[in-house]
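FYI, it's all coordinate maths here, none of it is from the lab. Source: prediction; values computed, not measured. For neighbour counting, all protein chains shown are included, and Cβ atoms are generated from backbone atoms with ideal geometry for every residue, glycine included.
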Amino acid sequence: MTQSSYRVLHGTVLAGAVGGTLAYLFGSTPAAFALWGLAVAGAVVVAVTGVRTGLAQAVRRPRATAAGVIATPAAPAPLDAVLAALDDLNDPDLPFEIGAEPTPDGAVVTVRWRVEELRWKTLFTQGSYVTNWKMVVRLDAARARYRFLEYTSQARHEEGVWPPRADWDWKGTVGKTAGQMTLHVVMTPAGSVGTTTQGLDGPRTSWVGAVSIRPADAKVPVLTTLRNHGWRPRADWAGARLFER
């Protein structure tokens, strides 16, 4: 559906709702119900179109992709090669970033959502709630092993004019996630769902279509890269691998 068609549908919904209310107030009940029916039909078409657009764009959005198998557990790749492969996953057009810091026994890799960038706001914000996530992976170079933990936090901020008030709420969890999936489709009257912000190096646009993110979007390519380089967690069994998805 073109943006012009989407604007017409959106206008039809608004005109039907307002026109039906006015007709009812002026005593024309049949006309009111007819206009309300038109508004409902238009709203259904808008909703279905939005969901279909979101699902289609979710498949086509940019993703971080791990390289193929480089090494095996019998002969794992060295730490430097692993860190270089993880750094290659970074992309300015992805809503997360990967960083690494050396430690005496290897390195600590931090994967986090870019909550500070305005173009990704719709990914992390739902109403007055803002969700943040990061994963910390500790690498043991001598054993070619890794272990990871995920940190999720949610903050809420609400303000009232009268009576004057400001409410804050925060909660956080530490652990591991598995199989989480959320999908939020945000459609404007123009049928556009991308968010563009102007930066020092030019405009940047968020994922178009489905405005959604899950820990696996960042977690899977990182842990897959480690496995493809021959690294393994200490407990490598089917149940533990569920938390790497």
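So here's what we get for this one:
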quantity: Virtual spin-label span in nm between Val69 and Thr103, 7 Å along Cα→Cβ; calculated: 2.9 nm
quantity: Inter-label distance, nm, simple model (7 Å from Cα along the C-beta direction), Val130/Ala41; calculated: 4.4 nm
quantity: Estimated translational D of the stretch 65-140 in µm²/s (Stokes, Kirkwood radius over Cα pairs; 10 °C; 1.306 mPa s); calculated: 111 µm²/s
quantity: Separation of the Asp88 and Trp237 label points, Cα + 7 Å toward Cβ, nm; calculated: 3.4 nm
quantity: Placed amide H near Ala71: partners under 5 Å, 5+ positions off or other chain; calculated: His229, Gly230
quantity: Pairwise FRET efficiency - Ala155 versus Leu22, Cβ, R0 = 41 Å, nearest 0.05; calculated: 0.45
quantity: Under Karplus coefficients 6.51, -1.76 and 1.60, residue-wise ³J(HN,Hα) of the stretch 220-227 in Hz, glycine/proline x; calculated: 4, x, 5, 6, 5, 4, 4, 5
quantity: Dimensions in Å of the stretch 102-157 - Rg and Dmax from alpha carbons; calculated: 15.1, 46
quantity: Efficiency of FRET between Lys121 and Arg214 - r from beta-carbon atoms, R0 22 angstrom, step 0.05; calculated: 0.85
